[in-house]
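Worksheet: one structure, shown below.
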Amino acid sequence: MPDNEIASIHRRIIEWYEREQRPLPWRTPDCTAWGVLLSEVMAQQTPVARVAPIWAEWLDRWPTPADLAAAAPGEAVRHWGRLGYPRRALRLHAAATAIANDHDNVVPSDPVQLQALPGIGSYTAAAVAAFAYGVRTVVVDTNVRRVEARLFTGDALAAPSLTAAESRLAATVLPDDDTDAATWNVAVMELGAVVCTATNPDCGACPVLDSCAWQRAGAPAYDGPARKSQKWAGTDRQVRGKLLQALRDAHGPLPRAQLDLVWSDAAQRDRCLAGLIEDGLVEPLGDERYALPS
DNA sequence: GACACGTGGCC
DNA sequence: TGGCCAAGTGT
């Protein structure tokens with residue numbers, strides 16, 4: 001693709017973003033890097049609409065990493081509520097502790113330092129550096145992968161997991177200018193989130209429709225490897241969720257007999273409780289009672 | 001690279 | 001109705 005067309009795509013997507021972006025609370029100028037970090041971890045595999053209220057509550061309760069670090073990890077798990085994947089709450093607590101102890105309570109701006117923190121992988125490290133500090137870095141999430149697969153490659157959807165080719169492509173199309181790169185990163189994600197969606201994309205609202213390789217190819221259906229669907233009913237994940245929900249809802253330790261009520265299959269229940277303890281999400285008190293970690 | 005890991009909304 | 005999907009990470 002010629003340089004001038006790339007430049008045109010940059011301009012149209014950035015202008016679209018300036019015009020159409022959703023007013024998410026962590027995008028306001030006064031949002032701290034800690035607020036950005038919280039929002040990114042909470043939004044991992046979780047729709048932003050469900051994140052917003054929990055994010056506000058957390059930031060109000062724990063305005064800086066040191067505030068969260070001073071709380072019991074179980075409090076983080078409790079206030080995680082029903083966001084899902086509660087290990088994220090535990091890792092956020094551990095990350096806050098590391099930031100408070102090793103980084104003078106300041107969220108790092110270096111993606112390498114960020115990625116060394118618990119629960120922060122390659123995507124989140126790049127996102128925090130880019131969104132909180134304006135660092136020119138390649139941010140690649142599921143939205144970016146889908147938008148770029150369609151726009152530049154002509155595929156209906158990205159591969160099931162991030163490929164080296166996708167990372168290279170994302171790096172290649174990142175604007176050179178720091179300010180443009182910063183806006184581009186958030187703008188492509190936003191385009192994927194609200195227009196170039198996985199199912200039923202709103203192509204009529206797309207600012208780069210006439211540059212879209214997928215559109216030019218006649219919008220063919222996805223023909224890559226099948227994505228395997230996640231089972232839920234009856235799985236350990238459901239049981240773990242029920243056990244943890246019981247402990248969140250009880251505002252103190254729970255006797256074993258109480259936990260036994262949440263699932264009838266004793267063997268599966270025991271295995272899941274042991275797993276939660278192993279993961280540090282539940283603490284056995286040694287007297288047949290269990291609690292969120294202190 | 002495959003797999004485990006929560007939860008709820010949507011069509 | 002139920003499969004699909006949502007700002008992924010760690011093992």
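Name every residue in the range A:211-267 that is away from DNA strand B (no atom under 11 Å from the Cβ), part of a helix (DSSP H, G or I) and surrounded by fewer than 16 Cβ atoms within 10 Å (Cβ to Cβ), in order of residue number.
Passing the criteria: A:ALA213, A:ARG216, A:ARG256, A:ALA257, A:GLN258, A:ASP260, A:ALA266, A:ALA267.
Is it true that some residue in the range A:184-197 is among the β-branched types (Val, Ile, Thr), outside any helix (DSSP H, G or I), within 12 Å of DNA strand C (Cβ to nearest atom) and loosely packed, with under 12 Cβ neighbours inside 10 Å?
Taking the range A:184-197 first, the residues among the β-branched types (Val, Ile, Thr) are A:186, A:188, A:194-195, A:197.
Subsequent filtering for residues that are outside any helix (DSSP H, G or I) retains A:195, A:197.
Subset that is within 12 Å of DNA strand C (Cβ to nearest atom): A:195, A:197.
This time we only want the ones that are loosely packed, with under 12 Cβ neighbours inside 10 Å, so: none.
No: zero hits.
Checking A:GLU40 against (1) under 20 Å from A:GLY241 (Cβ atoms); (2) crowded, with 19+ Cβ neighbours inside 10 Å: exactly one of these is not met. Which one?
Only one criterion in (1) under 20 Å from A:GLY241 (Cβ atoms); (2) crowded, with 19+ Cβ neighbours inside 10 Å is unmet by A:GLU40, namely (1).
Of all residues in the range A:45-77, which are part of a loop (DSSP other than H, G, I, E, B), on the phi < 0 side of the Ramachandran plot and exposed (fewer than 15 other Cβ atoms within 10 Å of the Cβ)? I'd like the intermediate steps shown before the answer.
From the range A:45-77, those part of a loop (DSSP other than H, G, I, E, B) are A:45-47, A:62-64, A:71-72; that's our starting set.
Within this subset, residues satisfying the condition of being on the phi < 0 side of the Ramachandran plot are A:46-47, A:62-64, A:71-72.
The answer is A:PRO47, A:PRO63, A:ALA72.
Give the residue that is farthest from DNA strand C (Cβ to nearest atom), with candidates limited to residues of the range A:229-255 that are within 15 Å of A:PRO284 (Cβ to Cβ) and in contact with a Pro (Cβ under 9 Å, 6 or more places away or on another chain).
Across the range A:229-255, the extreme among qualifying residues is A:LEU247.
For A:VAL139, are the conditions met, namely being surrounded by 20 or more Cβ atoms within 10 Å (Cβ to Cβ), within 16 Å of DNA strand C (Cβ to nearest atom) and among the aliphatic types (A, V, I, L, M)? Talk me through it step by step, then tell me what you get.
Numbers: surrounded by 20 or more Cβ atoms within 10 Å (Cβ to Cβ): yes; within 16 Å of DNA strand C (Cβ to nearest atom): yes; among the aliphatic types (A, V, I, L, M): yes.
Yes.
Condition test on A:ARG271, is it over 30 Å from A:ALA159 (Cβ atoms), in contact with a Gly (Cβ under 8 Å, 6 or more places away or on another chain) and among the basic types (Lys, Arg)?
Details: over 30 Å from A:ALA159 (Cβ atoms): yes; in contact with a Gly (Cβ under 8 Å, 6 or more places away or on another chain): no; among the basic types (Lys, Arg): yes.
Criteria not met by A:ARG271.
For the range A:268-294, which residues satisfy the criterion of being in contact (Cβ under 8 Å) with a residue 60 or more places away in the chain and either among the aromatic types (Phe, Trp, Tyr) or surrounded by 12 or more Cβ atoms within 10 Å (Cβ to Cβ) (or both)? Walk me through how you get there before you give the answer.
Our first condition is that a residue be in contact (Cβ under 8 Å) with a residue 60 or more places away in the chain; within the range A:268-294, this holds for A:279-281, A:283, A:291-294.
Selection gives A:ASP279, A:GLY280, A:LEU281, A:GLU283, A:ALA291, A:LEU292, A:PRO293.
Search the range A:113-159 for residues being outside any helix (DSSP H, G or I) and over 30 Å from A:ASN101 (Cα atoms), and hand back the single one that is modelled with the lowest pLDDT. Walk me through it before giving the result.
Step one: filter the range A:113-159 for residues outside any helix (DSSP H, G or I), giving A:116-121, A:134-141, A:154-159.
If we keep only those that are over 30 Å from A:ASN101 (Cα atoms) as well, we get A:154-159.
Working: A:GLY154: 96, A:ASP155: 95, A:ALA156: 95, A:LEU157: 94, A:ALA158: 93, A:ALA159: 89.
By that ranking, first place goes to A:ALA159.
What is the number of the single condition among (1) under 29 Å from the mean Cα position of the chain (by Cα); (2) modelled with pLDDT of 95 or more that A:TRP232 does not meet?
Checking A:TRP232 against (1) under 29 Å from the mean Cα position of the chain (by Cα); (2) modelled with pLDDT of 95 or more, the one that fails is (2).
The values are calculated or read from the model by the stated rules, or taken from the named source; none is laboratory data. Not measured: the values here are computed from a predicted model. In this analysis, Cβ positions are derived from the backbone assuming ideal geometry, glycine residues included, and neighbour counts consider all displayed protein chains.
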